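What follows is a short report on a single structure.
The values are calculated or read from the model by the stated rules, or taken from the named source; none is laboratory data. Since this is a predicted model, take the numbers as computed values, not measurements. Counting neighbours? That spans all protein chains shown, and the Cβs are built from the backbone with ideal geometry, glycine included. Heavy atoms of the whole protein, side chains included, go into the accessibility calculation; ligands, DNA and RNA do not. Shrake-Rupley method; radii C 1.70, N 1.55, O 1.52, S 1.80 Å.
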Amino acid sequence: AVARQLAYSLGARLGQNIVLDNRGGAGGNIAAEMAARSAPDGYTWFLGNNGILATNQALYERLPFDPIKDFATVVLVGTQPSVLVVHPSVAATSVRELIALAKAKPGQLNYASSGTGTAGHLTGELFKAVTQTNFTHIPYRGGGPAVIDLVAGQVQFMFATAASVIPHVKSNRLRALAVTSLKRSPSLPDLPT
């Protein structure tokens, strides 16, 4: 969603079309490798995130790119917290209730992520460790498929990007419990931290 908005705005300013090539999988490593191997002519830009450019170095034995040598940072596009969302069938309307439910049913709740090693996965694992609960991680090949299965009730919750779940929260297809930032999100101002 961010890349599409950026491409639209930047394309209008430059007076030319910008083509997006969304390459999912391997925690963003597939897209990063493609961008790193492209000609260094300024025509291929890569919208990276903290997972791809920092965390993956610790999670993967070998990366097919060097996040420092293969990329030149242009600009910080934005930041956003993760949002803890549950399917409406989950009997939890707060983080405290979700923790209590997980403790009552150890290992029976499934949480989705956009892939192994992604921010959603690591946030879920940190949440599990801090709350001393047991959830089952269900990795997907990207946030889109994970959100689709969450809306369908195939999994019970996830830590997702705000942009990917706000429409579903507003339409009551998902219930937001909290944001992972220290301050409330302007996009979801009534949601606790």
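Within the stretch 169-184, restricting attention to residues that are open to solvent by 40 Å² or more (accessible area, probe 1.4 Å) and in contact (Cβ under 8 Å) with a residue 12 or more places away in the chain, the residue that is farthest from Pro88 (Cα to Cα) is Thr180.
Quick test of your reading of the structure: Tyr111 fulfils all but one of (1) open to solvent by 40 Å² or more (accessible area, probe 1.4 Å); (2) of a type in the set (Phe, Trp, Tyr); (3) in contact (Cβ under 8 Å) with a residue 40 or more places away in the chain. Name the failing condition by number. The number of the failed condition is (1). All of Gly124, Gly117 fail the test of being in contact with a strand residue (DSSP E or B) (Cβ under 9 Å, 6 or more places away or on another chain), closer than 21 Å to Thr55 by Cβ, of a type outside the set (Lys, Arg) and not in a loop (DSSP other than H, G, I, E, B), apart from Gly124.
Among the residues of the stretch 34-56, is there at least one that is β-branched (Val, Ile, Thr), closer than 20 Å to Gln154 by Cβ and surrounded by 19 or more Cβ atoms within 10 Å (Cβ to Cβ)? So far as the stretch 34-56 goes, no, none of its residues is β-branched (Val, Ile, Thr), closer than 20 Å to Gln154 by Cβ and surrounded by 19 or more Cβ atoms within 10 Å (Cβ to Cβ).
Would you point out the residue of the stretch 158-187, among those that are part of a loop (DSSP other than H, G, I, E, B) and within 15 Å of the chain's Cα centre (by Cα), that is farthest from Glu97 (Cα to Cα)? Only one residue tops the list, namely Ser181.
Assess whether Glu33 counts as being part of a helix (DSSP H, G or I), acidic (Asp, Glu), out of contact with any Lys or Arg (no Cβ under 7 Å at 6 or more places or on another chain) and on the phi < 0 side of the Ramachandran plot.
Numbers: part of a helix (DSSP H, G or I): yes; acidic (Asp, Glu): yes; out of contact with any Lys or Arg (no Cβ under 7 Å at 6 or more places or on another chain): yes; on the phi < 0 side of the Ramachandran plot: yes.
Considered against the rule, which asks whether it is part of a helix (DSSP H, G or I), acidic (Asp, Glu), out of contact with any Lys or Arg (no Cβ under 7 Å at 6 or more places or on another chain) and on the phi < 0 side of the Ramachandran plot, Glu33 comes out as yes.
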